[in-house]
1. Arrange the peptides 523-529, 158-164 so that the one whose residues have, on average, the most other Cβ atoms within 10 Å appears first.
2. Below 12 angstrom from the Cβ of Gly508, what's the summed charge of the other residues (Lys, Arg +1; Asp, Glu -1)?
3. What is the packing order of peptides 403-414, 484-495, taking the mean over residues of other C-beta atoms within 10 Å and listing the highest first?
4. Sorted by mean Cβ packing within 10 Å, highest first, what order do the peptides 391-397, 507-513 take?
5. Set the Förster radius R0 to 22 Å, insert the Cβ-Cβ distance between Leu51 and Leu301 as r into 1/(1 + (r/R0)^6), and round the FRET efficiency to 0.05.
6. Roughly how many nanometres apart are two label points built 7 Å out from the Cα toward the Cβ at Ala406 and Ala478?
7. What does a probe at Arg524 reach in the range 474-491, counting residues whose amide N is under 16 Å from the point 7 Å along Cα→Cβ?
8. Any chance you could check the Cα centroid distance between the range 486-560 and the range 446-469 for me, in angstrom?
Amino acid sequence: MRQCNSFLSVPCRCRDARRARAALAFPRGFGEFRSHTGLPGGTMDIWTGLLGGIGLFLLGMRLMTEGATLAAGETLKSGLAAATRSRSRALTTGFVITALVQSSSAVTVATIGFVNAGLMTFPSTVWLIYGTNVGNVMTGWLVALIGVRVSIGVLALPLLGLGMGAWVLARSRPRIAGAGEALAGFGAFFLGIDILQASFAGLAPQVVALTGGLADTVWQRPAFLLLGIVVTLLTQSSSATIAIVLTAAAGGSLNLEQAAAAVVGASIGTTSTALFAAMGATSTARRVAATHIGFNLVAGLAAFALLPPMLWLSAAIAGGTGNVALMLALFQTSYCLLGLALMAPLTPWLIRFLSARFRRLDKAAPPTRYLDATLVDLPELALRALAMEMDRLVDASFALAHDRLAGRPVPSESAARVLALGDAIRDYLGRINLGQLSPAAVDALSDTLRALQHLEELAQAARALPDPPGEPVASATAPDLARLIETAMQSCTQLDGEDVAARLESIGADSETIYETIKAGLLRGAASGRLPMAAADHALNYAREIRDLGAMGRKAQRRLAPWRVTDQAETEAPAPEATAA
């Protein structure tokens, strides 16, 4: 058998015409797709197989990610919070979650979403991000140990059937439906690999002819590094690129060194997903994205520089079996561990360095701080982020009311910012997946909507509050008006504790009593001629507006009090470095 110009001289069967012709048909059990295009050699079969295989692979990954996330539910947030309290637990959690959902990018984007929503801190996520990058090696091992060794068409179809059956029959039970969706995702994942294998086997002679000129040249490694980056940018999935590369190498389309360079390129290219997710995010979320990018760049460039010795080591561990997919899986694992070894001593410095960056974003005060698009399919987490954002709206609205009640002018921009925040919250409410809400979550959503209306009315009322009355009405009503303003300010101050409702009720009763006293005094003064009728009417309107302003604040607080996030201290948990010390 002729040896290709490949590293370690892996036997090449790309000249075996009979194998190439046989591979033009798809695997038995899936169906033999024949070309009716008239193109020589079934070329259309091969290319449609490649496109369909990649599509099924990406669909499978999406189903696995969404299904596993839905099955986890609220447990995902509490589990992540508990698992990031130390370096080892965060690293293990990142590895396990990525191995389950088969997408480091998905886990990284979800982590950015949790950080963006204030559910996690930057220091606590650093080692979680490291774990997600190491966990990405599971795709290579699945392809190496299952995808290219056994016929997985027999396995893929039952997984699809069972998974979708569970999803259809258990729609009212989110966790079972999510598990079924994830199982169907594994079926689509394996079926995509099965089709890719057959397609690359038929495409091998053409690929070898195209890449043969690069073999044993100085451009071989850079060219395939760039190829891996480009394919990952197009698919937005390093796992998809790695599966494509491993199946291509196993079919003889690529030699070992070319495939390894493409695998490194996939690792570098996957940073684009985190980069896109961090656009428009908070400063903390951007620090998380920068950590992910830094790890992959350090690991990828180190592996690229040490490619020959690392491939030699992978071949030695594989025991000279000639299994290219196994050697590539070993290579990917070794360079991820190399990246971890290089980044571990740099982590304290990295946290300090990134913590000092992106501070301008904190000062920019974006319209929303905690609402993140990645949480809309996780209702419990989305509602928690929503409660934290509502706290911001309450603070902004109450500050506006306090300024106006104290007689200070309120810039129109301040009121506009409050109303813009309200619009953003309402838009986010409309995007939350309502299909899996619990009864308590439905109540929380309803109360949040009502509170949002009250706060928007409060901001508009504060902006439109008339000027205080002048003399002689001011002197006649000064003590009572001061007390009424005080009750309104109390109503527009967030109250804590278990007796919030009772305290609000007491403030409301005082406000109503004081208002009635002012009203009676003004009417008597106007009727007796001691006060001008127009001035008394203006003062009464002013007192009514203050009373109503306080009532709006109390209504908002009553709606939000049962759902307020009281455990925000957990977002200030110590960094893993501190807890591990």
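1. On the way: 523-529: 13.3, 158-164: 17.4.
Per-residue mean Cβ counts within 10 Å order the peptides as 158-164, 523-529.
2. +1
3. Result, highest mean first: 484-495, 403-414.
4. Top to bottom by mean Cβ count within 10 Å: 391-397, 507-513.
5. Between Leu51 and Leu301 the formula returns 0.10.
6. 2.1
7. Residues passing the 16 Å test: 475-481.
8. Here the two parts' Cα centres lie 14 Å apart.
Only the coordinates and a few stated rules stand behind these numbers; no lab work does. Bear in mind the structure is a predicted one, so any value in this text is a computation, not a measurement. Using ideal geometry, Cβ is built from the backbone for each residue, glycine included, and neighbour counts are taken over all protein chains shown.
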